[in-house]
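The values are calculated or read from the model by the stated rules, or taken from the named source; none is laboratory data. Model, not experiment: these values are computed from the prediction. In this analysis, Cβ positions are derived from the backbone assuming ideal geometry, glycine residues included, and neighbour counts consider all displayed protein chains.
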Amino acid sequence: FDRERVLDLCRKIRSENLKISWIARTRLELVDRELLEEMAAAGCRMLMYGIESLSYEVQKYFNRPQISEETTKKVIDMTAEAGISPFGFFIFGAPYEDEENIERSIEFARKSRLDFAQFSKLTPILNTSLYSDYVKASGCDYWREIVSGRIPEQRLSLTKESLSDEKIETYIKKANFKFYFSFRRALRILRRAKGFRHVFSMAKSGLVLFSDSICKTFRRGN
């Protein structure tokens, strides 16, 4: 990440008077107030943060910097205050994660100034350390078996220390309902919108995210 390059780009957009809107993904530890204000002035309308979990143990498992709940809240607040819509990604089901940590993440998201959030189940992907852990724990090279046609496609369960798939799906459903059924959040988004086009764009994005989350939630439950 090159902070100065981002600042230069934002200032160039402004100096050229380019009327554009854009979104970006970044990490909590990479932004500060000056950078956020420059990005907002250059047309940034949404920043997506990979929050993943508030648990230090889970953050360590993901090889992520250990970031406190207070720091996470501060960055989200700064983003909103700069006029940028904050979006948070959360992942449930990491090895060694317990129900208390998941509940903590759900409540944090609900009370935070995040405009949008996505709650997902951790899934082992080929050629990752997580997948290697899965193979060692299960004794099955899932993707190799699928490609060879020896086993049918199925959901992957993680190591024995993880919560059950059913429990994780229940928490994802709970998180989606608690987060998105919030009149206060909807009102806050509308108040921060910059003109009708911004309102329309955010409403469209929110509807897509909400519909996708709810549809996935009900499909998981069936």
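What the table shows:
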read-out	value
Test for LEU18: is it surrounded by fewer than 19 Cβ atoms within 10 Å (Cβ to Cβ), more than 30 Å from GLU169 (Cα to Cα) and of a type in the set (A, V, I, L, M, F, W, C)	yes
Odd one out for CYS140, checked against (1) more than 17 Å from the chain's Cα centre (by Cα); (2) part of a loop (DSSP other than H, G, I, E, B); (3) surrounded by 14 or more Cβ atoms within 10 Å (Cβ to Cβ)	(3)
Every residue from the range 29-44 that is within 30 Å of GLU100 (Cα to Cα) and crowded, with 20+ Cβ neighbours inside 10 Å	VAL31
Among (1) in a loop (DSSP other than H, G, I, E, B); (2) more than 18 Å from LYS167 (Cα to Cα), the one test that ALA94 misses	(2)
Test set (1) more than 20 Å from LEU7 (Cβ to Cβ); (2) outside any helix (DSSP H, G or I) - GLN59 fails condition number	(2)
Residue ID - surrounded by the most Cβ atoms within 10 Å (Cβ to Cβ), chosen from residues in the range 97-123 that are touching an Asp or Glu at 6+ places or on another chain (Cβ under 9 Å) and not in a helix (DSSP H, G or I)	GLU97
Some residue of the range 121-135 being in contact with a strand residue (DSSP E or B) (Cβ under 7 Å, 6 or more places away or on another chain) and closer than 27 Å to THR71 by Cβ	yes
Which numbered condition GLN66 fails, given (1) in a loop (DSSP other than H, G, I, E, B); (2) within 30 Å of LEU18 (Cβ to Cβ)	(2)
Count of the range 160-189 residues which are acidic (Asp, Glu) and not in a helix (DSSP H, G or I)	1
Residue count, the range 124-135 (criterion: outside any helix (DSSP H, G or I) and surrounded by 18 or more Cβ atoms within 10 Å (Cβ to Cβ))	1
Complete set of residues in the range 72-83 that are under 16 Å from LYS111 (Cα atoms) and either in contact with a Leu (Cβ under 7 Å, 6 or more places away or on another chain) or surrounded by 18 or more Cβ atoms within 10 Å (Cβ to Cβ) (or both)	THR72, VAL75, ILE76, MET78, THR79, ALA80
Some residue of the range 165-175 being over 20 Å from TYR61 (Cβ atoms), surrounded by fewer than 17 Cβ atoms within 10 Å (Cβ to Cβ), charged (D, E, K, R) and at pLDDT 80 or above	yes
Top-ranked residue of the range 45-71 - restricted to ones that are closer than 11 Å to GLU29 by Cα and not charged (D, E, K, R), ranked as surrounded by the most Cβ atoms within 10 Å (Cβ to Cβ)	ILE51
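Condition check ((1) under 24 Å from ILE91 (Cα atoms); (2) among the hydrophobic types (A, V, I, L, M, F, W, C); (3) at pLDDT 95 or above) across all residues:
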| position | (1), (2), (3) |
| --- | --- |
| ARG3 | no, no, no |
| ARG11 | no, no, yes |
| LYS19 | no, no, no |
| LEU35 | no, yes, yes |
| GLU38 | no, no, yes |
| ALA41 | no, yes, yes |
| SER55 | yes, no, no |
| VAL58 | yes, yes, no |
| TYR61 | yes, no, no |
